[in-house]
Amino acid sequence: MADTAHGRGPGSGDHGGSRRDFLVLASGAMGAVGAAAAAWPFIHYWNPSADVLALSSTEVDVAPIQEGQAITVTWRGRPVFVRRRTAAEIEQARAIKPADLPDPQDDAVRVKKPEWLVLIGVCTHLGCVPLGQKATEARGEYGGWFCPCHGSHYDTSGRIRKGPAPKNLPVPPYEFTGDTTIRIG
Amino acid sequence: MSAPQSQNALIRWIDHRMPIFTFMHHELHEYPAPKNLSYWWNFGSLAGIVLVIMIVTGIWLAMHYTPHVDYAFQSVERIMRDVNYGWLIRYLHMNGASMFFLVVYIHLFRGMYYGSYKYPRELLWILGVVILLLMMATAFMGYVLPWGQMSFWGATVITNLFSAIPLFGDPIVTWLWGGFSVDNATLNRFFSLHYLLPFLIVGVVFLHLWALHRFGSNNPIGIDTKGPQDSIPFHPYYTIKDAFGTGVFLLVFAGFVFFAPNFFGEPDNYIPANPLVTPAHIVPEWYLLPFYAILRAIPDKLTGVIAMFGSILLLMALPWLDTSRVRSATYRPIYKQFFWVFVVDCLVLGYIGANPPEGWFIVIGRIATAYYFIHLLIIIPLLGKLERPLELPASISTPVIGSGAAQPQAARMEKP
Ligand code: HEM
Ligand code: FES
């Protein structure tokens with residue numbers, strides 16, 4: 001016993017570290033791996049559950065929307081803006097060079113049909129819902145949306161132009177299932 | 001209570017096997033405290049009392065509260081209207097949170113004024129800042145529970161702060177929410193954690209007191225007690241002083257609960273949460289406003305978030321930022337003035353945090369934010385080197401009994 005305690009008994013054969021050191025390290029490492037593995041279920045428990053993930057598509061009938069109008073629908077618990085742009089608004093969005101924008105993006109890649117702009121209506125700063133869906137609401141200096149929380153201005157393509165928000169309003173995955181129906185998600 | 005000599009056989013029997021009565025006698029009765037403690041030393045025990053009130057009223061609220069997006073708002077309204085004395089329990093809990101922060105902020109500024117964070121109380125101070133952080137997390141999650149407009153949008157904005165983290169920001173926020181927005185999963189976990197955290201606070205409070213009782217309280221003069229002539233037993237002298245202070249405090253507390261129960265609240269929180277409409281003007285509870293002002297003062301999202309958390313964490317470094325060996329501001333004529341400038345700065349930040357970030361508010365907010373950091377990172381370290389402190393009295397008893405400046409070779413803070 002005294003030999004093992006010092007780890008250098010006859011026949012232990014190692015010189016750098018003792019057998020005991022090895023055992024401590026190996027069992028410590030196993031323990032750490034085990035603890036990490038046991039922690040994962042507790043961490044992953046917080047992630048969206050299967051039923052929340054399953055609720056992830058929404059059908060919208062856009063026929064009633066007139067030119068210049070917009071509607072808000074809910075997708076995954078968040079507002080989605082569907083705006084039918086006027087020719088002037090499209091023109092305005094395409095007039096600017098993407099390179100001059102804070103988050104450069106061409107209007108053409110943000111739409112499937114230029115008339116229809118579909119966006120997640122959540123400010124990319126800290127998550128408020130920007131104003132501008134109704135004609136009576138403030139639309140900011142670029143005619144798109146204005147976030148009142150900390151003053152972010154979005155243009156008619158939903159791109160950030162001014163204010164603390166770092167990114168453009170995101171475009172959700174969507175497709176036209178008919179001439180006037182959209183499936184989001 | 002005095003256990004070893006107790007007449008009560010049961011007490012003696014227990015104490016022999018587990019000396020809890022001896023312990024309590026030692027820590028709460030004969031525990032020697034400096035004899036010159038002022039009323040500023042009441043706020044620690046007050047904070048403890050409010051913590052107990054919060055836990056009791058909270059557990060009672062939970063008996064009628066429903067943590068579900070479809071019922072939470074109604075269940076709180078039911079508590080207010082239909083449950084017997086529900087209005088009282090809720091108003092105690094609501095205003096108790098404000099009182100808790102009021103008391104703790106005074107307690108904290110007291111510590112700054114009298115240099116209570118210096119050797120040997122650095123760990124005590126750090127544990128205090130940990131308690132403050134836990135309180136903020138608890139209060140933030142509690143405010144979400146009634147599921148009004150401010151609950152919902154406050155939760156949205158604050159959880160979105162984490163989206164500023166590079167690379168992992170969005171997955172972390174989704175993970176916090178348990179969905180793609182603040183929703184039922186979020187409300188449920190916030191309730192669970194809101195129930196848990198106060199008990200963690202109780203645990204840290206015990207550590208805080210353990211560290212305190214190692215060297216005892218600091219005092220308004222800021223020099224160590226030199227012997228029995230400088231201290232008095234905690235009981236009855238400070239138990240009665242704390243009890244009197246508690247009485248005055250409860251009057252103020254009751255004044256709010258009965259006469260202005262919504263003074264600290266936001267009317268928007270009596271509108272049920274609507275995920276599609278953001279209120280025009282989102283503000284957090286008053287006790288978080290200075291930090292909210294710091295967040296908004298900085299135009300860059302990530303830097304703003306770092307500055308906000310940094311402004312609190314920096315307090316933990318105060319014992320090392322302050323290079324002066326004199327504790328009490330009473331003997332630091334220049335520090336004393338900067339201390340009050342700092343207090344005003346924090347109040348200005350609070351005022352800015354309550355206002356929309358436009359025009360002059362932005363400019364003032366930026367100056368006040370800059371000053372907050374300049375005070376802690378530049379003024380405090382430099383003052384310790386440049387300032388000439390006044391002569392310290394030889395002991396706590398000297399200025400009271402003899403002529404204050406009798407012994408010139410005053411005892412500074414003794415470092416080992
Ligand atoms: C550190 C101690 C605590 C603090 C600072 C705190 C803070 C808060 C705050 C600010 C609210 C929102 C009040 C409102 O505007 O309606 C709240 C609500 C609530 N708290 Fe606490 N709380 C604490 C302890 C507890 C404990 C231990 C429980 C036990 C379960 C609890 C249960 C509740 C419940 C059920 C609500 C929702 C009802 C309501 O909104 O009035 N709290 N808390
Ligand atoms: S959340 Fe929109 S500007 Fe801050």
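Structure above, values below:
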| item | result |
| --- | --- |
| Some residue of segment B:58-68 being in contact with a helix residue (DSSP H, G or I) (Cβ under 8 Å, 6 or more places away or on another chain), more than 29 Å from residue B:205 (Cα to Cα) and open to solvent by 30 Å² or more (accessible area, probe 1.4 Å) | yes |
| Among residues of segment B:298-351, those that are more than 14 Å from every other protein chain (Cβ to nearest Cβ) and either in contact with a strand residue (DSSP E or B) (Cβ under 8 Å, 6 or more places away or on another chain) or basic (Lys, Arg) (or both), counted | 4 |
| Qualifying residue in segment B:291-308 (condition: buried (at least 16 other Cβ atoms within 10 Å of the Cβ), part of a loop (DSSP other than H, G, I, E, B) and touching a residue at least 60 places away in the same chain (Cβ under 8 Å)) | yes |
| Whichever residue in segment A:86-135 is among the basic types (Lys, Arg) and under 21 Å from the mean Cα position of the chain (by Cα) and, among such residues, is nearest to the other protein chains (Cβ to nearest Cβ) | A:110 |
| Some residue of segment B:274-281 being modelled with pLDDT of 95 or more and touching a strand residue (DSSP E or B) at 6+ places or on another chain (Cβ under 8 Å) | no |
| Residue match in segment A:84-106 (condition: within 14 Å of ligand 2 (Cβ to nearest atom) and part of a strand (DSSP E or B)) | no |
| Within segment A:107-152, considering residues that are of a type in the set (S, T, N, Q) and in a loop (DSSP other than H, G, I, E, B), the one farthest from ligand 2 (Cβ to nearest atom) | A:136 |
| Scan of segment B:64-76 for residues that are in a helix (DSSP H, G or I) and either near ligand 1 (Cβ under 10 Å from one of its atoms) or not assigned by TED's automatic domain parsing to the domain that holds residue B:257 (or both), ordered by number | B:72, B:73, B:75, B:76 |
| Tally, over segment B:192-231, of residues that are within 23 Å of residue B:56 (Cβ to Cβ), open to solvent by less than 70 Å² (accessible area, probe 1.4 Å) and more than 14 Å from chain A (Cβ to nearest Cβ) | 9 |
| Test for residue B:244: is it away from ligand 2 (no atom under 16 Å from the Cβ), part of a loop (DSSP other than H, G, I, E, B) and open to solvent by 50 Å² or more (accessible area, probe 1.4 Å) | no |
| Residue count for segment B:1-57, restricted to those that are open to solvent by 50 Å² or more (accessible area, probe 1.4 Å), of a type in the set (A, V, I, L, M) and closer than 26 Å to residue B:223 by Cβ | 1 |
| Filtered residue count, segment A:136-152, keeping only those that are in contact (Cβ under 8 Å) with a residue 12 or more places away in the chain and either more than 13 Å from chain B (Cβ to nearest Cβ) or crowded, with 23+ Cβ neighbours inside 10 Å (or both) | 9 |
| Members of segment B:157-183 found to be at the interface with chain A (Cβ under 9 Å from one of its Cβ atoms) and open to solvent by 10 Å² or more (accessible area, probe 1.4 Å), listed by number | B:158, B:160, B:163, B:164, B:171, B:174, B:175, B:176, B:177, B:180, B:181, B:183 |
| Odd one out for residue B:159 among (1) farther than 23 Å from residue B:203 by Cα; (2) within 14 Å of the chain's Cα centre (by Cα); (3) of a type in the set (S, T, N, Q) | (2) |
| Matching residues in segment A:163-185 - criterion: being assigned to a strand (DSSP E or B) and within 20 Å of the chain's Cα centre (by Cα) | A:174, A:175, A:183, A:184 |
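The values are calculated or read from the model by the stated rules, or taken from the named source; none is laboratory data. Since this is a predicted model, take the numbers as computed values, not measurements. As a convention, Cβ positions derive from the backbone with ideal geometry for all residues, glycine included, and neighbour counts pool all protein chains shown. Note: areas computed on protein heavy atoms with side chains; ligands, DNA, RNA excluded. Shrake-Rupley method; radii C 1.70, N 1.55, O 1.52, S 1.80 Å.
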